[in-house]
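See below for the structure under consideration.
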Amino acid sequence: MEHIQKAVEKLASPRLRAAVSIQTTLLSSLTNLMREEGMMQLLPVMVSPITDPLSHSVLEGSIKYGSIELQLTKSMILHKQLALASGLEGVFIISPNVRLEHPERGSTGRHLLEFSQLDFEMRGRKMEDVMRFSERLLAQAFSDVKKRHEKELELFGRELRIPSTPFRTYDSRDLEREYGPDWERIISSSSKDPVWVTNHEREFYDAEDPDKPGTFRNYDIIYPEGFGEGLSGGEREWEHSRILYRMEKKGMDASPYSAYIEAARMGKLVPSAGAGFGIERMLRYVCGVAHIEEVSPFAKVPGKEIIF
């Protein structure tokens, strides 16, 4: 019963109330700027025959509905690409994501089995457009929190820094050569402001640079102070032949994505770029807490008992 008592006490705590209040301002600020940009809000897709294949391993997350196997949404990347076929210039979603991470990831302080992502995609935009827009989003949202939540930040002992823009940019391969495979922790711990890290070889849908084969037009925001990655995005592959080529090069079974591939063949995908902010990770950074579960009312941490 002690573990249940602790969970209930957390729900009743002033710190959690403060975190939810800050989260409300963050979401309001971020989504208001997106609307000002002319972007439209989609409702989330929770299950689908297709979802993000991810570049790292997670445990199986699917359900059977009659004879159909439905995937729990890992991210709405494929769906937001498809949504732009309607002629919309940009879309955003507060999207619940289920990623059944391996238990050892529970110790990182930033992984959950389910989390929410502020996911967005912009028609005809390039990598640099999304990077500048994302910087505006963060700077404005953090400024709004600092103005409105002085008492809540004091409760966390947090001096929230408004980042200088543009953020410094690194190439992932340069960082790996200099620091080795632990480069993310090192660069995050040594930075005072968020930084960009570009050129990651990962999912098939992130665009390869046509002028520099083997180089990728994608990007992550790495929060400072050791908080690690907080946004991931990229320009998108949208041409039918390129999607098939990238899938084949990655050794993927293309058959589960047949409807998505057919939409590309029909010319229904368009050039676009976008990204997704992890909302709980952003809140963890803003509040300056060690573990993401401190600011998540019903946190489901890999490897830990789930109470609610």
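The values are calculated or read from the model by the stated rules, or taken from the named source; none is laboratory data. It should be emphasised that the depicted structure is a prediction, and the values quoted were computed from it without experimental measurement. Glycine also receives a Cβ, built like all others from the backbone with ideal geometry; neighbour counts cover every protein chain displayed. Remember, those area values only see protein heavy atoms, side chains included, never the ligands or the DNA or RNA. Shrake-Rupley method; radii C 1.70, N 1.55, O 1.52, S 1.80 Å.
Take the conditions (1) more than 30 Å from P49 (Cβ to Cβ); (2) crowded, with 16+ Cβ neighbours inside 10 Å; (3) touching a Gly at 6+ places or on another chain (Cβ under 7 Å); S189 misses just one of them, which is (2). Can you say whether E36 is open to solvent by 70 Å² or more (accessible area, probe 1.4 Å) and free of Cβ contacts under 8 Å to residues at least 12 places away in the same chain, as far as the supplied structure shows? Yes: the conditions hold for E36.
When E150, E176, E159, E154 are screened for being closer than 18 Å to G228 by Cβ and surrounded by fewer than 14 Cβ atoms within 10 Å (Cβ to Cβ), only E176 passes. When E235 is tested against the conditions (1) of a type in the set (D, E, K, R); (2) over 17 Å from the mean Cα position of the chain (by Cα); (3) crowded, with 20+ Cβ neighbours inside 10 Å, the lone failure is (2). Cβ-Cβ distances below 6 Å connect the following pairs, each with a first residue in the stretch 183-211 that is touching a residue at least 24 places away in the same chain (Cβ under 8 Å), a second residue that is open to solvent by 30 Å² or more (accessible area, probe 1.4 Å) and among the basic types (K, R), and a separation of six or more residues or different chains: V195/R168; F204/K250; A207/R217. Given the criteria among the aliphatic types (A, V, I, L, M) and in contact with a helix residue (DSSP H, G or I) (Cβ under 8 Å, 6 or more places away or on another chain), does L27 qualify? For L27, the condition - among the aliphatic types (A, V, I, L, M) and in contact with a helix residue (DSSP H, G or I) (Cβ under 8 Å, 6 or more places away or on another chain) - is met.
Listed by position, the strands (runs of 3 or more DSSP E) enclosed by the stretch 60-144 that each have at least 2 residues that are polar (S, T, N, Q) and at pLDDT 95 or above are 90-98, 114-123.
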